[in-house]
Structure formats: structure tokens, C-alpha cells
Protein chains: 2
Amino acid sequence: MAGATLRDVARRAGVSIRTVSNVVNESVPVSDELRTRVEAALKELEYRPNLVARNLRRGRTGMLAFVVPELDVPYFAELAREVITAAREHGYVVMLDQTDGDAERERELLGRESRATMFDGLLLSPLSISEDELRDRTNRVPVVLLGEHIFNGDFHHVAIDNVAAAREATEHLVSLGRRRIAAIGDQPYSTGETAQLRTIGYRQALERAGLSVDESLIVSTPHFHRRLGAEAMRHLLALPEPPDAVFCYNDLLAIGAMYALADAGVRVPEDVAVIGVDGIQEGEYSSPTLTTIAPDKTQIARTAVSTLVASIEGTAPPPADAKAPYQLLVRGSTRGAHEAR
Amino acid sequence: MAGATLRDVARRAGVSIRTVSNVVNESVPVSDELRTRVEAALKELEYRPNLVARNLRRGRTGMLAFVVPELDVPYFAELAREVITAAREHGYVVMLDQTDGDAERERELLGRESRATMFDGLLLSPLSISEDELRDRTNRVPVVLLGEHIFNGDFHHVAIDNVAAAREATEHLVSLGRRRIAAIGDQPYSTGETAQLRTIGYRQALERAGLSVDESLIVSTPHFHRRLGAEAMRHLLALPEPPDAVFCYNDLLAIGAMYALADAGVRVPEDVAVIGVDGIQEGEYSSPTLTTIAPDKTQIARTAVSTLVASIEGTAPPPADAKAPYQLLVRGSTRGAHEAR
DNA sequence: GTCGCCTTTTGCAACGATGCAATACCTGGG
DNA sequence: CCCAGGTATTGCATCGTTGCAAAAGGCGAC
């Protein structure tokens, strides 16, 4: 019941352990007679290789770890799907863990007692942890970082060009004729690097358009959740001069903002145009549908996984920042907004 | 660089391997002097236990596998989050895999060459695979099934009472005074057991309310995605006598249905009331917000994981169907719909 | 008939850790 | 000064598999 081993099969078939192994692995030629006998025994005993033992011997586990802040955030769920698929194509399976954006938990995950030794490689999504700590803790396991982190070329890294993406998002709003364009999602602390890059892009777009930046229109949020998007939007609506467009740093914030707008009876996009980032499925069916900057998640996952796998196999080029493609998807929350107002 | 082993540390500290092991595991008393020396060596060499080796020796991996049809379906993502959290509380990590609802892939996952031996236990969500196959393939690994499957008590199983839940959902619509209540999501094939149970509950509610069941108001969908919900709704709207309420078998279908309704200029809930099942976060911010039957995901995950862990440790009671709690959350898609019309 | 070569089969060691049981050490009592 | 009894330390075997290299078997050539 406890699972037959090679030894059991060998005894049953009257051959050596090694021969059974040869049959199982199809690596070395085995005579037809023995092969037949061994295969019969394998079937009768329902032999399945003990992968833990095999991994110990081979020094590989065939597992990658993918660490995200929150799995119930659609962007990460959708990305995880792609990562799992990409990993499977390379013959790997994926262990998923969450940090809840907590630096402490991140340390724990990478720490001494961690299960890091069970994985051939590590895929990490936005971290609070610092570069030095990361280097300290992962010096044995290949790592690929996903999403922005201003690390200096010591790690492989896949992300979209956040500055450019944010600039394009804002320019899209400008192109609609909007002039009071707000931004929701800045994070002016050390862990908010992605957010800061998007703020830079936002400012660039306004400056290029000859618009002045009204600091009161930049609203910070500690997280990127729907509720905070709604709160931020309510705050903006309460300003003496509310915005006529909002660039949200992710789609969830945008969904929250649209919720607050609907609640306040403000029309989208006529009164306020809304754009997000992430290209999550939810935005395809929201009311109105959400204009967004959609990173190519499939591409991101593929690049990240194949870089990681190359790294594991020692065939990787030196660490570099891979820029992933993205796309502006114009939908209801900004469409047809030219004529309006 | 390749990772120090107990032997390396032992050599460095001038003690036996076994003593180092004792220090690391804190199981056996070690004199202060040696402990100090060993700890120094551990630190200098940055020793981390090789978990693969440890697992081999101990016969446990500390890993659970959680297999879902699609991770980018919010219900599963939210459930996965809870499962990961619950597993962590028991000292386990979680490997996630997807089947895409494909029976072939399910077999593959459980098949001979699978990594099943790398996990102490298996958590499976709705499957296409049959009971017999499942029994054949998992006779060594403890399994807990999540979601409905009409299996006969051979497996642990956690789910809500789908018949009752569907009945309550439908009764809610009845209580609003609706009389032409449609159902979206039936799946009249062998793999659609959850759907069939919900259809039963739907019929029960109508019958109890003295309403006749109009078969043309029951629309089947091969999957539970937003797009199919929209398509089904369009179909219903095109009927000679369209419905005045819709019970969708999950929230994504409901979101899709509301999309189609908005598109057609039909008011929700005034003209058509909508209810879903799953209680996903998306429904809290949709427009209108979505009334739903929300299974207690935390509870489901906790129950499933602790049953699985008990099973692994051999302390589990015989397999049983655990019924998880759920809750009717009344929101905008049905609220204030009494007065209307 | 013997040798040598090629193919098939096998034994042994090792991957890195832990369980078990024996050894070494230390203390106090007689 | 020796011995019992407790504690600290260690060696050996083992988990199930695979790499390596030697052993065994088969066959043609001399």
C-alpha cells in the first residue's frame, strides 16, 4: 500500500534494481525478455517513481516557486495562470506563495528555514525586500524578478516600461481634450517603486502637453485595491475643481474609481474619463468597459520562465532588464469622449 | 557556492555530522561549547538544510497540491488564496496546477509520470475525471475534493449544499415579486454535476412558489465565463416573453448577463433582477453591485485543508461530505426592486 | 578452443539528511 | 579507586533513486 519501490519490482521480476531503473528510464538498452518481465512487474505493483528520491539524486526538483503579493488580485491570478502554463512547457511545475506585500513574510519565505532548497528557481513579484537582502538570501537559487524594481542589474528582471506606459495612458487622456487629469495610486515610499515610475510618466505627459501639474490631483494609496480607488475618487470629487479625467495606476483602482463616480452620479466618460493599467478581464465587462494599458502577460510569463530555466541550466546570458510589450486598449471609459461634455 | 551540507559544517566545526544535525534540529541536548562552535560554522558557511534530502528521509514533503480548472477565474483565485493561508497554518506549502477543465490533463496530472509522489496530499476542485479513475490513480495519496461531485463517500469532500443554495437564490427573486425567472448555466452533461444540482434547486423554488417551469428560460452554457453569460442573456432578451429576473449559476455569468442587459438598455434591477453565486470581490464593485450567494471560502479552505492534513497524519475520520456555509448577500442587482416596475 | 569485442546486466557508492543504538565522557556514591 | 547512572557525542544504516564502472554473457574471428 505504501507504494512499491524499485527494489520491490526487482524482486518480483527476478532482476536487479538497476535493470528496473533502466527500463523505467529507457536510457540504457534492455533485452526484450527482461523488459517484458519488468514491465509486467511494474504494472502489477503499480510502481511510481519516488520523485523525492529521484530529485535528491539528480539535484533537480523540477519545481519553480512563484511568489506574489496577493493571489486574489486579478492581475496576479491571470499572470499566475500564464506562468504555470509556461512552466509546464519547460517541464516544470509551480509552487505558489503569497506575501501579502509584507516585507517580513518575504524575508521569511527566503529565509534560512525556507523551502527555497526545494525549488530549482524563484520567480518573485514586486517585493518590499531590499536588493541587498535579496542577494543575501538567494545566492544559491536562480531568481527572476517580475514587475518593477530598481535593482542594478544583479538580477534578471522582466517588466513593462512603466514610465512610458504611464505616459501613454496620460497622453491618451490628453488626446481626448481633458485638461484636469488626476492620478490615483502614487506611493511615495521606498516600496512603491512601480508607482513612482508611473508618476514620472504621468508628469512627463502633462509637461509635454504643456499642462501644469496640479499636485492636489495626485492621490496616493497604500495598496492597489478597488476600495482605495473609490476612496481616492471621492476625495477628488470633493475638490473645488474636480478632475475631468483620471489615470489609475491599476485596473482595480480604476474599477473602484468608476464605482465612486457612478455613486456620485457623475458620467463616465462624459464627465470624467478613466483609464487603468493591467488589462484584467474584469475590465472587459465592467460598466462602462475599462480603457487600460494591458501588459502582455503571456509574453511576460514566457520570458520570465524561459530566462529562469536558462539560468537554472546555466545557459543564461548575464542578468538584464527585459522590457515586456504592452498595449493601449481603448474601451468605454474613454471612448466617444471627445464629442461629449 | 553549491550550498554547504552537514558534512561541510561538521568538518569546519570539528565535530561529527550527527552533532551538527542535532544543533540544527534542536532535538537532542548539545553542550554549550560545541553548540557555539557549530553555530558559528553554520553561519560562516551559510548552511541551509537540503529539504529534498530531509523529505526523503522523513517521508514527508510538507507540500500539498491544489488543482483547479482555471486560476484566472476569480472564485478559484480567491479560494486558492485561502487554501494557501490555511495550509501555511498547518506548516504546508501549496503547489498549484490547472486543468483547464480538460479531463485529459486531469488524468495526466494524476497519472503514472505525475509528480503526485512529491505531495503529501491532494486538493482537487471540480473534475471531469470519473470516480473510478480517480480511485485508481490516487490510491496512495490522501485526497480531498472541493466543490460538487456526486461521489459515493469514498473521498473526503467539501462543498456547499448546491441544491439549497440555488433554491434560496431563486426564492430571493420570487420574493421580489418576479414571475418569469430565467436560469443561466445549466450543464446537462456528465461533467456538469454542480450545474445540475443548481438546476434542481431552481426548479424546487419555482414549484414551491407555485410557478410553472418554462424550459425555454433555462439556458445551458458549456463554461461559467462572462462572455457566455452575456450570450445567454442576449438569447433570453430575444425571446417573445423575456424574463424579469435571472439566476446565474456563478458570478461571472451574472456579470456577463448584466453587461448584455446594459448594452440592450434594460435596467437592472428594475426590469430584470440578477443574482449570482460565488461571492467574488468583483461583484462588490460592479455596476450595479451584484447580489450573490457567497460560499464561505475561508471556511471551505480551512475545512478542506485540515481534513487533508488529518488524513495525511492518519487521524482523519472516515470520508464524509462536509457542507460548507454560505450566505445570501443582497446588493444592487436585486435591491429596491420591489417597488419598481 | 581461445581471445577479444560488443552488448546486456549488475554492484557499489552516493545524493544529504535523520533514526537508532552504541560509545565516550562525566559526575557522585560506595 | 571503581562502578553505576546520566548526559553528550558519534557511527552506521537507511530513505529510493541514479552515475559509474566492472562483471557477465554472446558471438564471430583467428
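To keep it simple, each residue is scored yes or no on (1) assigned to a helix (DSSP H, G or I); (2) open to solvent by 60 Å² or more (accessible area, probe 1.4 Å).
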| residue | (1), (2) |
| --- | --- |
| B:V158 | no, no |
| B:A164 | yes, no |
| B:G177 | no, no |
| B:I184 | no, no |
| B:T191 | no, yes |
| B:I200 | yes, yes |
| B:E207 | yes, yes |
*Output the residue which, of all residues in the stretch B:278-303 that are charged (D, E, K, R) and in contact with a helix residue (DSSP H, G or I) (Cβ under 6 Å, 6 or more places away or on another chain), is farthest from A:E284 (Cα to Cα).*
B:R302
*Could you list, in sequence order, all residues of the stretch B:1-58 that are near DNA strand D (Cβ under 9 Å from one of its atoms), assigned to a loop (DSSP other than H, G, I, E, B) and among the polar types (S, T, N, Q)?*
B:S16, B:S31
*Subset of the stretch B:44-56 (residues that are in contact with a Leu (Cβ under 8 Å, 6 or more places away or on another chain) and either of a type in the set (F, W, Y) or more than 7 Å from DNA strand C (Cβ to nearest atom) (or both))*: B:Y47, B:V52
*Of all the helices (runs of 4 or more DSSP H) wholly in the stretch B:62-141, which have at least 1 residues that are within 9 Å of another protein chain (Cβ to nearest Cβ) and either among the β-branched types (V, I, T) or closer than 28 Å to B:R226 by Cβ (or both)?*
B:74-89
*Please find, within the stretch B:78-96, the residue that is most open to solvent (accessible area, probe 1.4 Å) out of those that are out of contact with any Ser or Thr (no Cβ under 8 Å at 6 or more places or on another chain) and within 14 Å of B:V144 (Cβ to Cβ).*
B:Y92
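Pick from the stretch B:226-248 the residues that are free of Cβ contacts under 8 Å to residues at least 60 places away in the same chain and outside any helix (DSSP H, G or I): which of them is farthest from the other protein chains (Cβ to nearest Cβ)?
Only one residue fits best here, namely B:P240.
Kindly indicate whether A:V20 is surrounded by 14 or more Cβ atoms within 10 Å (Cβ to Cβ), of a type in the set (A, V, I, L, M) and more than 11 Å from chain B (Cβ to nearest Cβ). Walk me through it before giving the result.
Details: surrounded by 14 or more Cβ atoms within 10 Å (Cβ to Cβ): yes; of a type in the set (A, V, I, L, M): yes; more than 11 Å from chain B (Cβ to nearest Cβ): yes.
Yes; evaluated as a whole, the condition is true for this residue.
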*Every residue from the stretch B:296-317 that is open to solvent by 20 Å² or more (accessible area, probe 1.4 Å) and in contact with a Pro (Cβ under 7 Å, 6 or more places away or on another chain)*: B:D296, B:Q299, B:S311, B:I312
_Please go through the stretch B:214-228 and give me each residue that is surrounded by 14 or more Cβ atoms within 10 Å (Cβ to Cβ) and either within 29 Å of the chain's Cα centre (by Cα) or farther than 29 Å from A:Y285 by Cα (or both), ordered by number._
B:L217, B:I218, B:V219, B:S220, B:T221, B:H223, B:F224, B:H225, B:R226, B:R227, B:L228
*What is the number of the single condition among (1) open to solvent by 40 Å² or more (accessible area, probe 1.4 Å); (2) more than 14 Å from every other protein chain (Cβ to nearest Cβ) that A:I293 does not meet?*
(1)
*the stretch A:1-36, residues that are within 11 Å of DNA strand C (Cβ to nearest atom), under 26 Å from B:P142 (Cβ atoms) and hydrophobic (A, V, I, L, M, F, W, C)*: A:L6
*Unique residue being modelled with pLDDT under 95 and within 11 Å of chain A (Cβ to nearest Cβ) when the list is B:S287, B:S311*: B:S287
*asked:* For a quick check of your reading of the model, give me the residue pairs whose first member lies in the stretch A:249-278 and is more than 12 Å from every other protein chain (Cβ to nearest Cβ) and within 24 Å of A:I200 (Cβ to Cβ), whose second is acidic (D, E) and open to solvent by 10 Å² or more (accessible area, probe 1.4 Å), with beta-carbon atoms closer than 8 Å and at least 6 apart or on different chains.
replied: A:Y249/A:D186; A:N250/A:D278; A:V272/A:D244; A:A273/A:D244
*Could we say that A:A41 is of a type outside the set (D, E, K, R), within 24 Å of B:V141 (Cβ to Cβ), more than 13 Å from chain B (Cβ to nearest Cβ) and more than 10 Å from DNA strand C (Cβ to nearest atom) here?*
yes
*Confirm whether A:L173 is outside any loop (DSSP other than H, G, I, E, B), open to solvent by less than 30 Å² (accessible area, probe 1.4 Å) and not polar (S, T, N, Q).*
yes
*Just wondering, is there one or more residues in the stretch A:287-296 that are within 19 Å of A:R227 (Cα to Cα) and in a helix (DSSP H, G or I)?*
no
*Of all the residues that make up the stretch B:253-286, how many are part of a helix (DSSP H, G or I) and closer than 14 Å to B:S333 by Cβ?*
14
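The values are calculated or read from the model by the stated rules, or taken from the named source; none is laboratory data. Because the structure is predicted, anything quoted here is derived from the model rather than measured. Cβ: placed from backbone, ideal geometry, glycine included. Neighbour counts: every protein chain shown. Heads up: the accessible areas ignore ligands, DNA and RNA and are worked out on the full protein's heavy atoms, side chains in. Shrake-Rupley method; radii C 1.70, N 1.55, O 1.52, S 1.80 Å.
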